[in-house]
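Below: the structure, in structure tokens.
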Amino acid sequence: MWLVVGLGNPGDKYTYTWHNCGFLTSEVLAQRNNIQVTKSKYKGYYGKGKISGEDVIILRPQTYMNLSGESVIEAAKYFKIPPSQTIIVYDDIDIPVGKIRVRPSGSAGTHNGMKSVIQHLGTQEFPRVRIGCGPVPEKWALVDFVLAEIFDDKKETMFEAFTEGAKAIEKYIAEHK
């Protein structure tokens with residue numbers, strides 16, 4: 001079984017912000033695979049289904065970004081899913097807008113949501129799909145940028161990236177059965 005976690009912040013005011021790239025990608029993934037992410041538990045919303053013939057839980061923590069690890073660890077423990085089968089999808093300002101990077105492990109960098117996940121899982125050894133939203137524009141503070149709505153001239157690029165991110169997750173699961 002796999003746990004796919006889209007990081008983001010709950011609430012309408014954050015829906016289409018840069019920091020919600022993980023939520024938005026996980027939403028596309030759920031739609032592509034007919035998984036309803038509507039059950040409330042593990043400090044988040046989740047749904048069960050199949051991707052590439054594998055059992056999958058898609059989770060969207062509702063703890064706010066900086067506490068994402070609390071939700072991840074609750075679901076991982078309950079479903080007995082090891083970090084090696086826990087895929088975290090999130091925004092990354094160190095990757096150009098619209099680019100996707102898949103890595104089997106790594107540090108949190110400047111991402112507080114990932115710092116929380118690493119702290120709660122007790123390891124950096126888990127796969128991640130990073131959705132590029134960088135660089136931070138000149139004269140913008142990091143926090144103001146990631147909590148800003150995706151710029152109109154970047155929306156098409158980013159929504160294509162969410163689809164590419166979902167495909168990357170599907171491919172990763174298929175290749176690591």
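The values are calculated or read from the model by the stated rules, or taken from the named source; none is laboratory data. Owing to the predicted nature of the structure, the values given are computational and were not obtained by experimental measurement. Note that each Cβ is placed from the backbone with ideal geometry, even for glycine, and that neighbours are counted across all protein chains shown. All accessible areas refer to the heavy atoms of the entire protein, side chains included, with ligands and DNA or RNA removed. Shrake-Rupley method; radii C 1.70, N 1.55, O 1.52, S 1.80 Å.
Figure legend. Inter-residue proximity from the stretch 149-177: first residues of a type in the set (A, V, I, L, M, F, W, C), second residues open to solvent by 90 Å² or more (accessible area, probe 1.4 Å) and in a helix (DSSP H, G or I), beta-carbon distance below 7 Å, spacing 6+ or different chains. Indicated pairs: ALA166/ARG32. Set side by side, the residues ILE35, ILE57 differ, and just one is outside any loop (DSSP other than H, G, I, E, B) and of a type in the set (A, V, I, L, M), which is ILE57.
Determine whether the stretch 9-19 contains at least one residue that is open to solvent by less than 60 Å² (accessible area, probe 1.4 Å), more than 18 Å from PHE162 (Cβ to Cβ) and assigned to a helix (DSSP H, G or I). Looking through the stretch 9-19, none of the residues is open to solvent by less than 60 Å² (accessible area, probe 1.4 Å), more than 18 Å from PHE162 (Cβ to Cβ) and assigned to a helix (DSSP H, G or I).
Determine, yes or no, whether THR123 is at pLDDT 95 or above, touching a helix residue (DSSP H, G or I) at 6+ places or on another chain (Cβ under 7 Å) and over 18 Å from GLY8 (Cβ atoms). Yes, satisfied. Taking the stretch 66-177 as the region of interest, the helices (runs of 4 or more DSSP H) fully inside it that hold 3 or more residues being within 15 Å of the chain's Cα centre (by Cα) and buried (at least 17 other Cβ atoms within 10 Å of the Cβ) are 68-79, 112-121, 155-175.
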